[in-house]
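Asks: Before we start, here is the structure in question, set down as structure tokens.
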Amino acid sequence: MDKERKLLIAGNWKMNKTVAEALDLVRGLKRELANVKEIDLVVCPPYTALSDVSREILDSNIRLGAQNMSENNVGAFTGEIAGVMLKEFSVRYVILGHSERRQYQKESDELVSEKARAAHSMSIKPIVCVGETLEQRESGITEEIVGGQIKGSLAGLTAEQMDETVIAYEPVWAIGTGKTATAEQAQEMHAFIRKTIAGMFDDQIAKRVRIQYGGSVKPANARELMSQPDIDGALVGGASLEVRNFSDIVKNSI
Ligand code: PEP
């Protein structure tokens, strides 16, 4: 696939996989995807498997991501994990503002932007998630919601930091539901997000930023989604938990 930006496909394993299961999965992915050079590959295991997975992918084309991090660098924040701790395992990416965290942990755009700045201070690239609910889409306020999330979650980033930031457009109604946005619906929102970023920064930065699509991406729909001009990769949940599904998504996107 001839794309303007190199695709980035990341697996969000969420709260799945013991260490042994995580190692099984990543060994399978290494085997299946060893020859992939055209696409940047990232896996985001739970914190407890970061250390072992990090060691397992040392000599591979797979990079490591985390699913969240604290906006603080150190101190009395029980249960939190700081960027400096992720760096110990060579974590390169961190998913921020996933809709599950926005919903269950009540994460706000302001908090996401603080976390994004903390990630950049550690040279970890944030994957900032945005997306509307079904109710919001049906009320015709999708652009207002997603535009607001983009502006709020990227607030305070410098141009250099924006250049090292990835966006994931994930319509909440498509996450884990088996319902995918049509390629046209996704493309329309990706173009809108790029235009919003151009307004906040400039055209060149907007042209370079990678915008992933997430929401029930499967081997069967990956090619059509990835062939849209403004879709630069995928953030994959459920289908990233099995070697076959994730590898086929990657192979079908080349
Ligand atoms: C996600 O949670 O980021 C996601 C896209 O999940 P799924 O692929 O299962 O819809």
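All of the numbers you see were taken from the coordinates with simple rules; none came from a lab. Every value quoted in this text rests on a predicted model; they were computed, and no experiment measured them. Cβ placement follows ideal geometry from the backbone for every residue including glycine, while neighbour counts extend to all protein chains displayed.
Asks: Working only within segment 104-116, note down all residues that are in contact (Cβ under 8 Å) with a residue 12 or more places away in the chain and surrounded by fewer than 17 Cβ atoms within 10 Å (Cβ to Cβ).
Replies: Ser108, Glu110
Asks: For segment 128-140, check the following and say yes or no: at least one residue is of a type in the set (Gly, Ala, Ser) and within 16 Å of the ligand (Cβ to nearest atom).
Replies: So far as segment 128-140 goes, yes, one or more of its residues are of a type in the set (Gly, Ala, Ser) and within 16 Å of the ligand (Cβ to nearest atom).
Asks: Moving on to the next point. Of Val84, Val74, Val94, which residue is assigned to a strand (DSSP E or B) and over 22 Å from Arg31 (Cβ atoms)?
Replies: None of the other options fit; the residue is Val94.
Asks: Go over the candidates Ala186, Ala234, Ala191, Ala168 one by one and state the one that is farther than 29 Å from Lys17 by Cα, out of contact with any Asp or Glu (no Cβ under 6 Å at 6 or more places or on another chain) and hydrophobic (A, V, I, L, M, F, W, C).
Replies: Ala186
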